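Read through the structure below, which is laid out as structure tokens, and then see the notes.
The values are calculated or read from the model by the stated rules, or taken from the named source; none is laboratory data. Being a predicted model, the structure only gives us computed values, none of them experimental. Methodologically, a virtual Cβ is constructed for each residue, glycine included, from the backbone with ideal geometry; neighbour enumeration extends over all protein chains shown. Each accessible area value is taken on the protein alone, full model and side chains, heavy atoms only, with ligands, DNA and RNA left out. Shrake-Rupley method; radii C 1.70, N 1.55, O 1.52, S 1.80 Å.
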Amino acid sequence: MSNKLKIPFAKVPVNGNEFKYIKEVLDSGWLTTAGKAVEFERKFAEQVNAKHACVVNSCTAALHLGLDALGVQSGDQVFVQSMTFTASAEIIRYLNADPVFLDVEYGTNLITPEILQEAIRKHPNVKYLVLVHFGGQAAAMTIPGQEGILDICKKNDIKILEDAAHAFPTRLNGKMIGGFGDITCFSFYANKTITTGEGGMLTTDNDELHARVKTMRLHGINRDIWDRFTSTKPSWEYDVVEAGYKYNMPDINAAIGLAQLEKAEEYRKERQTVAEFYYKNLSGIDLIDLPVCHVPFEDHSWHLFPIVIKENSPIGRNEFIEKMAESGIGTSVHYKPLHRMTYYKQKYDLNPEDYPNTEKTWKGNVSLPIFPYMSEEETAYVCESVKRILGYS
Ligand SMILES: Cc1ncc(COP(=O)(O)O)c(C=O)c1O
């Protein structure tokens, strides 16, 4: 293809009822948390088949509230993979607990039952796990006829906080992520599979955990903002039962979320089409590894399509990214692992040799553009550019 296209790394469409629902909020005269947030929670809980959903202003906030509700205390240790965004681990430090970083499976960037078993053997005192559904593919929480991560955690009295920032809508063995473990946290950040600009959601089936999260979400006050302004009881009549946080989501953002939620499966299918095109057109290139998908394509949210430029490639990852940019194609890196980040490296004296799969990935990882309504012409141009840059055409 001779023409040079401009293709961003990510693009979230706004083509549903966003403006209609935002107008309803503006017309209501009440611009922070109210009916739209409650409706968003109800509809999200329905979609993932969870008993409760709690909407907040980021996934980081959801993860923080979740870990607090699970009972993590100062000095506790929490398993988390090194190949993730810092939010997955920083929330452990918010509670003055310590992350125990784990390697992941090469190709999926997921913690597997085997990796977890080995970690438990080495660190038998760790009682919490932050489980990342990397890129939108679910970790093997359940495996028909075999021991999955949920079974292992139950056996070893380990509580799971699922980091599903990438994983909506994602399924595993016929069930939506969000309806499995103790607590699941989703992100609606600007480049995520559905967005509210900034935002997050926490889901749980557990009434007690839900009550704690709701209280801590809003200053440790024992009444909802919305309830304070709708019930007949005076709004000033509330108690503070904890030093909580200010993590509620305003209705303007929730209005966007409601509209995006209506399109979530359509957007997922669109991204799946792009992923399928990549698999078909890039699978013969022996200088790259494509992401490994263990689940049916329909069960993956396809938030990311991370490839790895192999060590024997004459073009390294950084040069590849530069050349893709020169061709008008946006890419990203997911991620520089946390064991290489100054804060974690220095605080915990971390050694790259302890994370061989993560290191192998990190040396060559690049995420290709993937977003709804990415045209076949655009996807084909990305594939041609990858091949040209690596010397295949
Ligand atoms: C794996 C993971 N966890 C957590 C987060 C935090 O999400 P948020 O920006 O909504 O706080 C992100 C954000 O990119 C992420 O990628």
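Ignoring ligands, DNA and RNA, please state the percent of accessible area on the stretch 266-389 from carbon and sulfur, probe 1.4 Å.
46
Distance check, please: which entries in Lys36/Lys154; Lys11/Lys280; Lys154/Lys336; Lys159/Lys214 exceed 25 angstrom between their Cα atoms?
Distance filter (> 25 Å) returns Lys36/Lys154; Lys154/Lys336.
Shape call for the stretch 1-138 from the C-alpha gyration tensor, a ≥ b ≥ c root eigenvalues: rounded (a/c under 1.5), prolate (a/b greater than b/c) or oblate? Before the final figure, lay out the partial values.
On the way: a/c = 2.53, a/b = 1.39, b/c = 1.82.
In terms of gyration-tensor shape, oblate.
Please identify every one of the GluC sites (Glu not before Pro) in the stretch 261-319 that sits in a loop by DSSP and has no more than 10 other beta carbons within 10 Å of its own beta carbon.
In loop regions of the stretch 261-319 (DSSP not H, G, I, E or B), the sparsely surrounded GluC sites (Glu not before Pro) are Glu311.
Using a 1.4 angstrom probe with every protein chain in place, what is the largest-first accessible-area order of Trp30, Trp362, Trp302?
Numbers: Trp30 80, Trp362 45, Trp302 0 Å².
In descending accessible area the options line up as Trp30, Trp362, Trp302.
Given a Förster distance of 35 angstrom, what is the FRET efficiency for Glu46 paired with Thr232, based on the Cβ-Cβ distance and rounded to 0.05? Walk me through the intermediate numbers first.
Details: r = 29 Å, r/R0 = 0.82.
Rounded to the nearest 0.05, the efficiency is 0.75.
What dipole magnitude, in Debye to the nearest 20, does the stretch 172-285 give about its Cα centre under +1 on Lys/Arg Cβ and -1 on Asp/Glu Cβ?
Numbers: 14 positive and 16 negative charges, 67 e Å.
With Lys and Arg at +1 and Asp and Glu at -1, about 320 debye.
Calculate the FRET efficiency for Tyr106 and Asp239 from the Cβ-Cβ distance with a Förster distance of 41 Å, rounded to the nearest 0.05.
Once rounded, the FRET efficiency stands at 0.20.
If we count every other residue with Cβ under 12 angstrom of Thr273's Cβ, Lys/Arg +1 and Asp/Glu -1, where does the sum land?
Overall, the nearby charge balance is -2.
Please name which of Gly197, Ser82, Leu31 has its Cα lying farthest along the dipole of the stretch 18-262 towards the positive end, using unit charges on Cβ (Lys, Arg +1; Asp, Glu -1) and the Cα centre as origin.
Checked the options; the winner is Leu31.
Sorted by packing (mean other beta-carbon atoms within 10 Å per residue), highest first, where do 323-332, 169-178 land?
Going from most to least packed, we get 169-178, 323-332.
Which order do the peptides 195-201, 99-105 come out in when sorted by mean C-beta neighbours inside 10 angstrom, highest first?
The densest-packed peptide leads the list: 195-201, 99-105.
Per 0.36 nm of contour for each residue apart, how much would the distance between Asn156 and Tyr392 grow if the chain were fully extended, relative to their Cα-Cα spacing?
Values: separation 236, 0.36 × 236 = 84.96 nm, distance 4.96 nm.
Here the answer is 80.0 nm.
For the stretch 1-76 and the stretch 91-159, compute the distance between their C-alpha centroids and round to whole Å.
Cα centres, the stretch 1-76 to the stretch 91-159: 25 Å.
With unit charges on the beta carbons (Lys and Arg positive, Asp and Glu negative) and the dipole taken about the Cα centre of the chain, which residue among Gly71, Gly391, Gly364 sits farthest to the positive side?
Projecting each Cα onto the dipole axis, the largest value belongs to Gly391.
Taking all pairs of distinct Cα atoms, average 1/r, flip it, and tell me the Kirkwood hydrodynamic radius of the stretch 266-389 in Å to one decimal place.
Roughly 15.6 Å, rounded to one decimal.
Given R₀ = 35 Å, what would the calculated FRET efficiency be for Asn173 paired with Phe19, taking r from the Cβ atoms and rounding to 0.05?
E(calc), rounded to 0.05, equals 0.40.
At a probe radius of 1.4 Å, what is the per-residue accessible area of Lys360, in Å² to the nearest 10?
110
All other residues with a Cβ under 15 Å from the Cβ of Ile252 taken together, and with Lys, Arg as +1 and Asp, Glu as -1, what is their net charge?
Here the count lands on -3.
Points 7 angstrom from Cα along the Cβ direction at Lys6 and Lys336: gap in nanometres?
For the pair Lys6/Lys336, the computed spacing is 2.8 nm.
Let me spell out the model: positive unit charges on the Cβ of Lys and Arg, negative unit charges on the Cβ of Asp and Glu, origin at the Cα centre of the chain. What dipole size does that give, in debye rounded to 20? Don't skip to the end; give the middle numbers.
Values: 42 positive and 51 negative charges, 95 e Å.
Rounded to the nearest 20 debye, it is 460 debye.
Along each principal axis of its Cα atoms, how long is the chain end to end? Whole angstroms, biggest number first, please.
72, 53, 42
About the Cα centre of the stretch 25-139, what is the dipole size in debye to 20, counting +1 per Lys and Arg Cβ and -1 per Asp and Glu Cβ, all else neutral? Please report the intermediate quantities before stating the final value.
Numbers: 8 positive and 12 negative charges, 36 e Å.
Its charge dipole is roughly 180 debye.
Take every Cα pair under 8 Å in the chain that's 6+ residues apart, average their separations, divide by the length, and report that relative contact order as a whole percent.
24
With every protein chain left in place and a probe of 1.4 Å, what is the accessible surface of Ser393, to the nearest 10 Å²?
Accessible area of Ser393: about 110 Å².
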